[in-house]
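Here the structure comes first, spelled out in structure tokens, and everything after it is commentary.
Read the figures in this text as sums done on the coordinates, not as results from a lab. Since the structure is predicted, the reported quantities are computational estimates derived from the model, not experimental observations. Cβ sites come from the backbone with ideal geometry, for glycine too, and all protein chains shown count toward neighbours.
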Amino acid sequence: MRKVIKLVCMIIVFSMIFLSFAVSASADEDEFVINNGVLIRYNGSAADVTIPQGVFEIAQGAFENNADIESLNLSDKVVFIGERAFFGCQNLWLVNGTANVAKIGAQAFENTKWFDNITTDIKMINNVVVGCQSGLKELEIPDYALSVAPKAFYNNTKITKVICGSDMQEIGNYAFYGCSNLSEAVLGERINYIGNNAFKGTKWFENNNDEFVVINGILIKHSAGASNVTLPGNIRQIAGGTFYEDKELKSINLPDKLYYIGDNAFAYSALKDINLSESSVTYIGKGAFEGCTGLTQIDLDKRINYIGENAFEGCNNLTVNVDPESYAYVYVTENGLNHSLVGVLGDLDGDGAVTMMDVVTLQKYIAKLIPLTIEATRLADIDQSAEITMQDVTYMQKRIAGLI
């Protein structure tokens, strides 16, 4: 009987040990720090980690240098994996569920067993190119690849040639930066984004002495030396870093199709004069004009819907002219930038307020009794419908009455 009791006790003890190990081997929900679908940080030490449902992004460095994780199961909702998210997870050998991942940050899986064990010449995660086998000189990227991750080939001095597949759309920040022997690049016709300094430091880039190097409407290089620059009409984007530290540049004329100014595009240049209103700019990247101490005036109109952090940092002599009802106004006030209000919607006589005099003026204009100046015509379109109608009169009256 004692032997039976002893055997039962041993079984219970071993069961408890096994269950304890099983629990610690898998991640618990409360070990994840998640904010609005973004996994910010993992605080556990489990070997097997399953990303919770509802997470669509894994943030920069969320698991960096975690030596405990061995296998990773991504939920089907995960579409973005941030920079160095799993960098240095040296025991990570298995990753499942990458089929829906569309964007991958720089070095997201580098220094992991799983990444090192990818055997194809071109290393890919889903449709994203993330690197290549060491020693490979000529890169023929498959047609189904849609993007090259940031820093995918950073400082790879073996590469001499790259041919992008027909479906390639994006080349990330610093993707080929410092590939000093890269002398030939064949880029696809579908590329619609080239990141900061993606090809800087390559022979292909540095030896191109054209005044403007443009890829599918994206300006990636301008040969310094001119103080007054007029960009060609086909340019739609200025890639990040294009005019960085250009000490000759004083003024620039923008084409009307331009809608995107990349990160650090004009940072620490000698730029003094730029008229954004002559373009279609909606996006201004991080640090785009940082350190431009010669810049004194800039107009940010209502079309602009994104301005990155530190876009005007260090522009100590700058006054930003903004519409009080614009995204730009919110940005300059939140960031404490010196600014001036322009163009109050409905203020047709320019006295700084919307009054019944403005209502009468607009009614006369609609009745074709009087003309309006170009600026007054812009301010008369209160509902931003691209037409001036009695609806705008109604809006003006409600505003005066304090109803809107």
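With a ≥ b ≥ c taken as the square roots of the eigenvalues of the C-alpha gyration tensor of region 186-262, please select rounded if a/c is under 1.5 and otherwise prolate if a/b is larger than b/c or oblate if it is not? Since a/c reaches 1.5 but b/c is at least a/b, the shape of region 186-262 is classed as oblate. Straight-line reach from LYS302: taking Cα to Cα under 17 Å and skipping same-chain neighbours fewer than 8 places apart, the aspartates and glutamates in range are ASP256, GLU278, ASP323, GLU325, GLU334, ASP347, GLU375, ASP381, ASP383, GLU387.
Taking every DSSP beta bridge with both residues inside the chain, roughly what % is antiparallel (nearest 5)? Roughly 20 percent of the beta bridges in the chain run antiparallel, per DSSP. When the listed pairs LYS250/LYS286; LYS151/LYS272; LYS200/LYS272; LYS257/LYS398 are checked against a 28 Å cut-off, the alpha-carbon distance exceeds it for LYS151/LYS272; LYS257/LYS398.
Sorted fewest first by neighbouring Cβ atoms within 10 angstrom, PHE32, PHE115, PHE266 come out as PHE32, PHE115, PHE266.
Out of ASP167, ASP383, ASP256, any idea which swings most in a Gaussian network model of the chain, alpha carbons joined below 10 Å? Sorting by GNM fluctuation, first place goes to ASP383. Taking 0.36 nm per residue of separation and subtracting the current Cα-Cα distance, fully stretching the chain between LYS77 and GLU138 would add 18.5 nm. Within straight-line reach of LYS203, meaning a Cα separation under 13 Å, sit the following aspartates and glutamates at least 8 residues removed in sequence or on another chain: GLU184. Averaging the sequence gap over all C-alpha pairs within less than 8 Å and six or more residues apart, then dividing by the number of residues, gives the chain a relative contact order of 6 percent. The separation of region 242-310 from region 30-84, counted between C-alpha centres, amounts to 36 Å. Counting only DSSP beta bridges with both residues in region 135-197, the antiparallel share comes to about 0 percent. Only helices enter this figure: runs of n ≥ 4 DSSP H residues, each worth -39500 (n - 2.57), summed and divided by the residues of the chain, yield -5000 deg cm²/dmol at 222 nm to the nearest 500. Shape annotation for the chain: C-alpha extents along the principal axes are 109, 59, 38 Å, from largest to smallest.
Span-like helix check, the chain: qualifying full DSSP H segments, with Cα axial length of 24 Å or more and mean Kyte-Doolittle of -1.0 or more, are 2-25.
Taking a ≥ b ≥ c as the square roots of the eigenvalues of the Cα gyration tensor, region 35-115 is rounded, since a/c falls below 1.5. When each of LEU295, LEU318 is scored by the number of other beta-carbon atoms lying within 10 Å, the sequence from fewest to most is LEU318, LEU295. With a ≥ b ≥ c taken as the square roots of the eigenvalues of the C-alpha gyration tensor of region 279-398, please select rounded if a/c is under 1.5 and otherwise prolate if a/b is larger than b/c or oblate if it is not? It is prolate, given that a/c is not under 1.5 and a/b is the larger ratio.
Karplus-derived 3J(HN,Hα) values for region 112-125, using 6.51 cos²θ - 1.76 cosθ + 1.60 with θ = phi - 60°, are 10, 5, 4, 5, 5, 8, 5, 9, 5, 4, 9, 7, 9, 10 Hz; glycine and proline are entered as x. Exposure proxy shown here: for GLU57, GLU70, the number of other Cβ atoms within 10 Å sets the order, fewest to most, as GLU70, GLU57.
Here's the list of aspartates and glutamates a cross-link from LYS158 could span, going by alpha-carbon distance under 12 Å and ignoring same-chain residues fewer than 8 apart: GLU138. Placing a label point 7 Å from the Cα of SER277 along the Cα-to-Cβ line, the residues of region 336-352 whose backbone N sits under 20 Å from it are 338-352.
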